[in-house]
Amino acid sequence: MSLHDLLLERISQTGPLTVAEYMSDCLLHPEFGYYATRDPFGTKGDFTTAPEISQMFGELLGLSLAQVWMDQDRPDPFTLAELGPGRGTLMADLLRATAGVPGFHAAAQIVLVEASPTLRQMQNERLASVDPHWTNDIDALPKAPLFLIANEFFDALPIRQFLREASGWRERLIGAQDGVLAFGLGAAAPQPGLAHRLDDTEPGDLVELCDAARPVMTEVAERIAAHGGAALLVDYGDWRSLGDTLQAVRRHRKADPLQGPGQADLTAHVDFDALAQVAAQAGCAYTRLTPQGVFLERLGITNRAQSLAKTLSGTELQSLISAHRRLTHPEEMGNLFKVLGLYPAAKNPPPGLEA
Ligand code: SAH
């Protein structure tokens, strides 16, 4: 049995799936889910991410967070958390870069929010020396100062899609046609959760809603507002989503999202406005949404690259130069990826980001 057959059977029994139900099974089904069954990263995998491209990414995020920790009078103990840590590379680079910050490591309790058993195993191999605690449940984050990073986490959370028509919103659904999965539309219905999108859309527009992001953002923002800390959220997307951004990537190429469910990475662009509004409701301040390239340049990535370059030559030097370009150049990841910072309303925003 494949996930494709399993989903067809489910559809025949209980009707079409929402895009969120489909995405959720494709990514995290215990037996067939994409993340649940493999290590998808790197040149041999399906895609690569900023921390896998260069150590500079994790180092600079780490130094930004450690600076906020010092500015907030070095709370001890505090939670150092990551959402969706992948191979553990970002956390490892962050920890190496902050090893010289007096008291930072000693006060940190490391919590990794990870749903995939396969990736937990890899994180354990990488990070065992710092004795991390794993959870799948965002409520389990201690009620303590929280310093948190997330890179390409929110884009993996399931989204629903709605098409605006003159008579209301119709949800995009996945049903079966001639024995294969096919997109269709549900009946028009009012969607109170989309009331704010009536101003900036018109009939024919498609918008996306990520219900799963709300509880995560609420828990994170409540802790930062009540106990102090900061969050750096990095992802691709923009201020408000518009249009169909559901994307499948397999072996570094775009694929059909309905083909081979569970065998390709599925993502959707992050609606940062929606994240920011949840944070604000929970009493947290948020920064301007900042392109990744601008953020990394402000934190000194060019200086860091120059200092690393001194010990390198040949292909190693070339790969450092190309990594710097990939992370920062507007035509590569520099503009597509954005950074949103969360921080307590009475404090300063994290370095690299502006209020
Ligand atoms: N941050 C890493 C990995 C990004 S891929 C990097 O930049 O390389 C997305 C990560 O989020 C994976 O570790 C995946 O297993 C995890 N993930 C996806 N959905 C999740 C969920 N609902 N709960 C917890 N972790 C999830």
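We did not get these values from a lab; they are worked out from the coordinates using the rules stated. As the structure is a computational prediction, the values presented were derived from the model and not from experiment. Neighbour counts are summed over all protein chains in view; Cβ atoms, including those assigned to glycine, are modelled from backbone coordinates with ideal geometry.
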For this session: Determine the pairs where a residue that is at negative phi and away from the ligand (no atom under 15 Å from the Cβ), located within the stretch 75-104, has a partner that is in a loop (DSSP other than H, G, I, E, B) and small (Gly, Ala, Ser) with Cβ atoms under 7 Å apart, the partner being 6 or more residues away or on another chain.
Result: PRO75/GLY228; ASP76/GLY103; PRO77/ALA144; PHE78/ALA144; THR79/ALA144
Seminar exercise, completed: For the stretch 242-273 the number of residues that are in contact with a strand residue (DSSP E or B) (Cβ under 8 Å, 6 or more places away or on another chain) and outside any strand (DSSP E or B) is 17
Exercise. Which condition number does LYS44 fail, the rest of (1) under 27 Å from TYR22 (Cα atoms); (2) without any contact (Cβ under 8 Å) to a residue 40 or more places away in the chain; (3) within 13 Å of the ligand (Cβ to nearest atom); (4) among the basic types (Lys, Arg) being met?
Worked result: (3)
Exercise. What residue, of ASP46, ASP93, ASP73, is closer than 22 Å to ASN335 by Cα and charged (D, E, K, R)?
Worked result: ASP46
Exercise. Can you tell me which residue in the stretch 155-203 is surrounded by the most Cβ atoms within 10 Å (Cβ to Cβ), limited to those that are among the acidic types (Asp, Glu) and under 26 Å from the mean Cα position of the chain (by Cα)?
Worked result: ASP155
Exercise. Only one residue in LEU7, LEU60 is within 16 Å of the ligand (Cβ to nearest atom), surrounded by 18 or more Cβ atoms within 10 Å (Cβ to Cβ) and aliphatic (A, V, I, L, M), so which one is that?
Worked result: LEU60
For this session: Those residues that are within 12 Å of the ligand (Cβ to nearest atom) and small (Gly, Ala, Ser), I need them from the stretch 105-138; list them, please.
Result: ALA115, SER116
For this session: Hey, can you tell me all the residues within the stretch 107-142 that are among the charged types (D, E, K, R), in contact (Cβ under 8 Å) with a residue 24 or more places away in the chain and surrounded by 12 or more Cβ atoms within 10 Å (Cβ to Cβ)?
Result: GLU114, ARG126
Exercise. In this structure, is ALA225 more than 22 Å from SER116 (Cα to Cα) and either buried (at least 21 other Cβ atoms within 10 Å of the Cβ) or in contact (Cβ under 8 Å) with a residue 40 or more places away in the chain (or both)?
Worked result: yes
